[in-house]
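Participant: The following block contains the structure, expressed as structure tokens.
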């Protein structure tokens, strides 16, 4: 049914790699081993170490860091981080899905132009885009200036350094990351399926829930991965928009490696986060694969 | 931080049957269009406000007190910022070159030869693209600390190359998949050595992918904050690190000007990429 599937890779007679090919690939493999595999292993080792009074790492074996990581304080922070990330992903889906649909169904010139419009904020440094909101949200900022000038005299809102500001920052930063993958799915959607559903008597709502949503699930899953995982640990946005008042797990980890100088504990939190990330990734990837196999 | 998305964008978009709207969905089209306009306004207004305020004479930022280029001048006269910009340029430049070499060679080899444990190797090359940046940052930090490597330019470049080169590799492989294998065979039949065939035939064919990958590597490196945060020293601090430090303290009209420059450069960059894509078509 989908037209593009048969354009598979051309059949190459790939040669079995001899020692020369291995030798040429060696620099890349060495790089990945040295800077991905080994550091992860070192992090794992650190998470079982202790630190002395000066913050130096003492090589021993202890579960203390993990016990501390599952202390109610940190469990709450993990929970809050997941909550914020979930809410961010949900808002991005609700706000981004219609946009992706519109772009995916627009005429070609309009579509290219709209895509470009989504790409520009996507490429613009998130730091600058977050900073823009400080100008707007701070107490003597633009939003309050506008509110004050309104005739019915709305009181000034103290939004910066609140959870609301953190949410605005996260959604603002990650919205394009939701729109683009969903657009990818919408673009592949076969219009004949929607028409068939219509002809068979399905109303717009039914078409949406039984045809459009299931067929764009791979895009939604990809978008969720792109929004959910980074926003769990995005310490820069929570720092800028939340002050130090709304710490998420990223801020706690960062703090262990900077001010607190408790690297082993930071490493343990990092390992827990890595496990969380791996599980999320695995689930969403399974989901995508299944949907794609079915589609 | 934009790097996470590329594995998903790199998928070939298949040309599909054009969606025709049936009457029931025509109403919703207007609603969708309005919503899209709203969302785009949400995405653009804050940035436009920032650009507008970069010309505002007022220090306090809110009330308009006249037009000035003064903040741009103070950016230009701010030595630490300029130093950071130079650092960023050097780091992004070196990162781009190394990423192109590693990514092109890796992409070609993985495409051309059957390696034992190829699946494992592919997973390994995909990990840097999806790994959360904070994890890459702290694990590199503990590695450098354990190995006794002082933080500096080299450590930043190592981090940046690690997450950049897989994107070049993906771009190169996507291009290779569409390339006729007979090209290389013809070169070999005509007496070229494998190295000549690669250098004189394959690389020129790969040029669009290499350029696209290089642009991507440069941007990823130029924008990166989190990994850099853990791997840079004070002397090798990049522009995003300095901007983060300044923004944390609060508002600074100089940052508006700097941001405006960034935005203009980004727009130019996206336009240039779109232009390249059109050329390639």
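Derivation of every value follows stated rules applied to the coordinates shown; laboratory data play no part. The structure presented is a predicted model; accordingly, all values stated were derived computationally and were not measured. All Cβ positions, glycine included, derive from the backbone under ideal geometry; neighbour counts span all protein chains shown.
Participant: Which of the peptides A:163-170, A:64-71 is most tightly packed, and how do the rest follow, going by the mean number of other Cβ atoms within 10 Å of each residue?
Facilitator: On the way: A:163-170: 22.4, A:64-71: 15.8.
Order by mean packing, descending: A:163-170, A:64-71.
Participant: Now, a different point. Output the 0 to 90 degree angle, nearest 10, between the alpha-carbon long axis of helix B:118-130 and the longest principal axis computed from the alpha carbons of chain B.
Facilitator: 10 degrees
Participant: Distance between the C-alpha centers of the range B:238-281 and the range A:265-286? Whole Å please.
Facilitator: Centre-to-centre distance over Cα atoms comes out at 31 Å.
Participant: Determine the shielding of peptide B:112-121 by partner chains: average, over its residues, the number of Cβ atoms on other chains within 10 angstrom of each Cβ. Can you show the working numbers first?
Facilitator: On the way: counts 5, 10, 7, 7, 3, 0, 2, 0, 0, 4.
That average works out to 4.
Participant: Moving on to the next point. Angle between the Cα long axis of helix B:203-223 and the longest principal axis of chain B, 0 to 90 degrees, nearest 10?
Facilitator: Around 30 degrees separate the two axes.
Participant: Let me ask something else. With an 8 Å Cα cut-off and a minimum separation of 6 or more residues, compute the relative contact order for the range B:78-280 in percent.
Facilitator: Details: 197 pairs, mean separation 70.4, N = 203.
After rounding, I find 35 percent.
Participant: Could you tell me which of rounded, prolate or oblate describes chain B, using a ≥ b ≥ c as the square roots of the eigenvalues of the alpha-carbon gyration tensor, with rounded for a/c under 1.5 and, failing that, prolate when a/b is larger than b/c and oblate otherwise?
Facilitator: Working: a/c = 2.10, a/b = 1.29, b/c = 1.62.
It is oblate, given that a/c is not under 1.5 and a/b is not larger than b/c.
Participant: Per residue of B:102-110, count partner chain C-beta atoms within 10 Å of its C-beta, then hand back the mean as an integer.
Facilitator: Per residue, the average neighbour count from other chains is 4.
Participant: Rounded to whole Å, give me the distance from the Cα center of the range B:29-77 to that of the range A:17-49.
Facilitator: So the separation of the two Cα centres works out to 45 Å.
Participant: Return the Rg/Rh ratio of the range A:70-294 with Cα-based radii and a Kirkwood Rh.
Facilitator: Rounded to two decimals, Rg/Rh equals 1.04.
Participant: Here is a further query. Apply the Kirkwood formula to the range B:87-179: the hydrodynamic radius equals the inverse of the mean of 1/r over all pairs of different alpha-carbon atoms; give it in Å with one decimal. Could you put the intermediate results ahead of the total?
Facilitator: Numbers: mean 1/r = 0.0698 Å⁻¹.
By the Kirkwood definition, the hydrodynamic radius is 14.3 Å.
Participant: For chain A, what relative contact order do you get, as a whole percent, if you take Cα pairs closer than 8 Å and at least 6 residues apart? Each step should come with its number before you reach the end.
Facilitator: Working: 318 pairs, mean separation 74.1, N = 295.
This gives 25 percent for chain A.
Participant: Just how far, in whole angstrom, is the range B:213-232 from the range B:118-154 if you go by their alpha carbon centroids?
Facilitator: If we compute the Cα centre of each part, the gap is 13 Å.
Participant: Which whole number gives the average count of other chain Cβ atoms within 10 Å of the Cβ atoms across peptide A:82-95? Don't jump to the answer; show the numbers that get you there.
Facilitator: Working: counts 0, 0, 0, 0, 0, 0, 0, 0, 0, 0, 0, 0, 0, 4.
For peptide A:82-95, the averaged partner shielding equals 0.
Participant: A further question on this structure: Rounded if a/c is under 1.5, else prolate if a/b beats b/c, else oblate: with a ≥ b ≥ c from the C-alpha gyration tensor eigenvalues square-rooted, which is the protein assembly as shown?
Facilitator: Details: a/c = 1.44, a/b = 1.08, b/c = 1.33.
Rounded is the answer for the protein assembly as shown, as its axis ratio a/c remains below 1.5.
Participant: Let me make sure I get this right: for the range A:108-190, a, b and c are the square roots of the gyration tensor eigenvalues over alpha carbons, sorted descending. Under 1.5 in a/c it's rounded, otherwise prolate if a/b > b/c, else oblate. Which is it? Can you show the working numbers first?
Facilitator: Values: a/c = 2.75, a/b = 2.24, b/c = 1.23.
In terms of gyration-tensor shape, prolate.
Participant: Sticking with this one: What percent do you get for the relative contact order of the range B:40-190 when only Cα pairs under 8 Å and 6+ apart count? All intermediate terms of the calculation are to be shown ahead of the outcome.
Facilitator: Details: 88 pairs, mean separation 40.8, N = 151.
It rounds to 27 percent for the range B:40-190.
Participant: Starting with the highest mean, order A:226-234, B:255-263 by the number of other Cβ atoms within 10 Å, averaged over the residues of each peptide. Don't skip to the answer; put the middle values down first.
Facilitator: Details: A:226-234: 26.8, B:255-263: 23.4.
Ranked by mean Cβ neighbours within 10 Å, highest first: A:226-234, B:255-263.
Participant: Output the 0 to 90 degree angle, nearest 10, between the alpha-carbon long axis of helix B:133-147 and the longest principal axis computed from the alpha carbons of chain B.
Facilitator: 80 degrees
Participant: Dividing the Cα convex hull volume of the range B:206-281 by residue count, how many Å³ per residue is that? Could the numbers behind the result be given before it?
Facilitator: On the way: hull volume 7.6 nm³, N = 76.
Dividing the Cα hull volume of the range B:206-281 by its residues yields 100 Å³.
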